[in-house]
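Heads up: the structure comes next, in structure tokens.
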Amino acid sequence: MSRIGKLPVVVPAGVDVSLAESNVITVKGPKGTLTKALSTEMAIQVEANQIVVTRPSDLKRHKALHGLTRTLIHNMVVGVTEGYKKVLEINGVGYRAAKSGNKLTLTLGYSHPVEMIDPDGITTVLEGTNKITVEGIDKEKVGQYAAEIRMKRPPEPYKGKGIKYSNEYIRRKVGKAGK
């Protein structure tokens, strides 16, 4: 049995969960509303204060979907109650970020500034000029937008310049050996 899939998802007070046909689940909470279409192969029961996911058989596909479906529902519940955030750091001389409205402008050593517009449901907050916090209720969107920002200038291994996650470790390399 799936160790993750068999755990019930506890629904905290103030969160409303509704299940429509073909496993379309809607979670409403204090931070917003999330809707997701989940696999129709899984059986989802919404009880008083918990959600239980069961699988029809022990096929490898059903075992994989069991844990995935439960985790997606759990991420939605956590998102509408607490929300998600990723923190990025910009390292390098002259590298910085600026924010105006919902436009994030990054100066990353290119001949032009890189401009990015925040997607719906995602906000970016600057702390100083070299710390970006990406916040939102959808874990997938927060992670994707943070990855897109990071890809504008990934950290390099020699000096560590670039955009990295705050909890990321950059494996450093030794430079050219001199005579």
Of all residues in the stretch 114-137, which are charged (D, E, K, R), assigned to a strand (DSSP E or B) and either more than 25 Å from V80 (Cβ to Cβ) or open to solvent by less than 60 Å² (accessible area, probe 1.4 Å) (or both)?
E115, K131
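Only residues that are open to solvent by 60 Å² or more (accessible area, probe 1.4 Å) and either in contact (Cβ under 8 Å) with a residue 24 or more places away in the chain or of a type in the set (S, T, N, Q) (or both): list them for the stretch 14-29, please.
Narrowing the stretch 14-29 to residues open to solvent by 60 Å² or more (accessible area, probe 1.4 Å): 14, 16, 19, 21-22, 28.
G14, L19, S22, K28 - these are the residues of the stretch 14-29 that are open to solvent by 60 Å² or more (accessible area, probe 1.4 Å) and either in contact (Cβ under 8 Å) with a residue 24 or more places away in the chain or of a type in the set (S, T, N, Q) (or both).
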Scanning the stretch 137-161 residue by residue, those in contact with a helix residue (DSSP H, G or I) (Cβ under 8 Å, 6 or more places away or on another chain) and either β-branched (V, I, T) or at positive phi (or both) turn out to be I137
Across the stretch 55-86, what is the number of residues that are within 30 Å of G160 (Cβ to Cβ) and surrounded by fewer than 17 Cβ atoms within 10 Å (Cβ to Cβ)?
1
Given the conditions (1) loosely packed, with under 13 Cβ neighbours inside 10 Å; (2) of a type in the set (S, T, N, Q); (3) under 23 Å from V11 (Cβ atoms), every one holds for S111 apart from (3)
When E140 is run through (1) acidic (D, E); (2) touching a Gly at 6+ places or on another chain (Cβ under 7 Å); (3) in a helix (DSSP H, G or I), the failure sits at (2)
Could you check the stretch 46-65 and list, in sequence order, the residues that are outside any loop (DSSP other than H, G, I, E, B), of a type outside the set (K, R) and closer than 13 Å to G5 by Cβ?
I51, V52, V53, T54, H62, A64, L65
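The values are calculated or read from the model by the stated rules, or taken from the named source; none is laboratory data. Because the structure is a prediction, the values reported are computed rather than measured. Don't worry about glycine lacking a Cβ; one is built from the backbone with ideal geometry, like all the others, and counts go over all protein chains shown. Side chains included, ligands, DNA and RNA excluded: accessible areas come from the protein's heavy atoms. Shrake-Rupley method; radii C 1.70, N 1.55, O 1.52, S 1.80 Å.
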